Every structure is written in structure tokens, then in C-alpha cells.
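The values are calculated or read from the model by the stated rules, or taken from the named source; none is laboratory data. Not measured: the values here are computed from a predicted model. Note that we place each Cβ from the backbone using ideal geometry, even for glycine, and neighbour counts take in every protein chain shown. We work out accessible area using only protein heavy atoms, side chains counted, and drop any ligands, DNA or RNA first. Shrake-Rupley method; radii C 1.70, N 1.55, O 1.52, S 1.80 Å.
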Amino acid sequence: MKKNSHLKSTLLAMALASSALGTQAFAADDMSEVNQSADSKSFKALDVDNNSILTKTEAKKEKLFAKHFAVADTDNDGTLDEQEYTNYKSKSEQKVVKRVVKDSVITSKVKGILLKDEGLKSLNVSVKTNHGVVLLSGFVETEDQIKQAGKIASEIEGVKSVENSLLIKKE
């Protein structure tokens, strides 16, 4: 019986994770054309002298390029053309999407394992992940449950650390 329950929980976690990945991939494909147009508009708004290139002064009005202008300037001419601007912005946004997907997968895995753990009432445990850091919050009945939830979260691949903010429920 326990193996069957474990199998169901594992399948649930895998389904949640693949669903999150599929949704993000679909959204990324559909949005690429929209982002190109939005990036073009952003580029033109920053190009105050309308010469089809951005100087460092023009580009730094956007936070991303204030910090990463030199990296985005792939031809090292001290300016960004629309292609350099769009390429760098797109790569940066893709990194964010990948991180969010990874965090979503971690959260799904932790929640799935907590759901199957008979010693925890996991519906009272909230799980959030940001940059690989898992935050557990909510109420449990014992100190052992706090430790068990933290142990479960820390054993998931991709978890950098666990902030265990679980509290013992006072009756």
C-alpha cells in the first residue's frame, strides 16, 4: 500500500513539474514575436536622437543596460544597435524564465513529497521557491514535523538552501 501511495505521489509531482515546464515553453514561443515588437518600441523610446543606435547614456535609462552595457555591446563600438539591444534583452529575459521554471519545479517536487508524507499535514505548509531558496511556512503539530519538512525540502535537486519558518500550532 505504501509503495502504491509513493508511486501516486511521485506521478503527481512529475505531472505538476511537466505541466509547469510545458506552460512556460508554450508561453515563451508565443511571446517571442510580441517581445520583438515590444523590444523595438523600447529601443526607439530610448533612442532620443533617433539615429538608430543607443549611446551608453541613452541605454542606461533602462536598468538592465545600466549594469550590462559593455556585455550587450558585442561589436565593442561603444553603442548598441537595435539587434544588440534586442539580443541581450531577450537572453536576459530567457534566463529569468528558466529560473522561474526551475523554482516552480522545485516547489512542485517539495509539495508533492510533503503531500505523501504521512507524518505531516502538508496542507498547512506553504512552499515558495526563489532562486533555489525554499521557504517553508505555516503550522505543524510537532518539532519533528518541522525538521522533517526541512529535511524533505533540502534533499530536492536544485535546492540551494531552506528557510524553515514553520511554527508549532498552539492549541
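Of all residues in region 159-169, none are loosely packed, with under 15 Cβ neighbours inside 10 Å, within 30 Å of T55 (Cβ to Cβ) and in contact (Cβ under 8 Å) with a residue 40 or more places away in the chain.
Does K151 satisfy the condition of being open to solvent by 40 Å² or more (accessible area, probe 1.4 Å), under 18 Å from I106 (Cβ atoms) and not aliphatic (A, V, I, L, M)? So K151 passes the test.
Let's see how each residue does on (1) part of a helix (DSSP H, G or I); (2) within 22 Å of A153 (Cα to Cα); (3) open to solvent by 30 Å² or more (accessible area, probe 1.4 Å):
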position: A45; (1), (2), (3): yes, no, yes
position: N50; (1), (2), (3): no, no, yes
position: K61; (1), (2), (3): no, no, yes
position: V71; (1), (2), (3): yes, no, yes
position: K95; (1), (2), (3): yes, no, yes
position: D103; (1), (2), (3): yes, yes, no
position: I106; (1), (2), (3): yes, yes, no
position: K111; (1), (2), (3): yes, yes, yes
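Checked against (1) open to solvent by 60 Å² or more (accessible area, probe 1.4 Å); (2) more than 25 Å from the chain's Cα centre (by Cα); (3) acidic (D, E), D81 passes all but a single condition, namely (1).
Among the residues making up region 126-171, those that are within 21 Å of V97 (Cβ to Cβ) and of a type in the set (V, I, T) are V127, T129, V133, V134, I156, V159.
All told, L135 falls short of being among the aliphatic types (A, V, I, L, M), touching a strand residue (DSSP E or B) at 6+ places or on another chain (Cβ under 8 Å) and open to solvent by less than 40 Å² (accessible area, probe 1.4 Å). Restricted to region 93-131, and to residues there that are among the β-branched types (V, I, T) and without any contact (Cβ under 8 Å) to a residue 40 or more places away in the chain, the residue that is nearest to T142 (Cα to Cα) is V127. Among the residues of region 113-126, the ones that are open to solvent by less than 70 Å² (accessible area, probe 1.4 Å) and of a type in the set (D, E, K, R) come to 2 in all.
Scanning region 53-78 for residues that are among the β-branched types (V, I, T) and within 29 Å of the chain's Cα centre (by Cα) turns up V71, T74.
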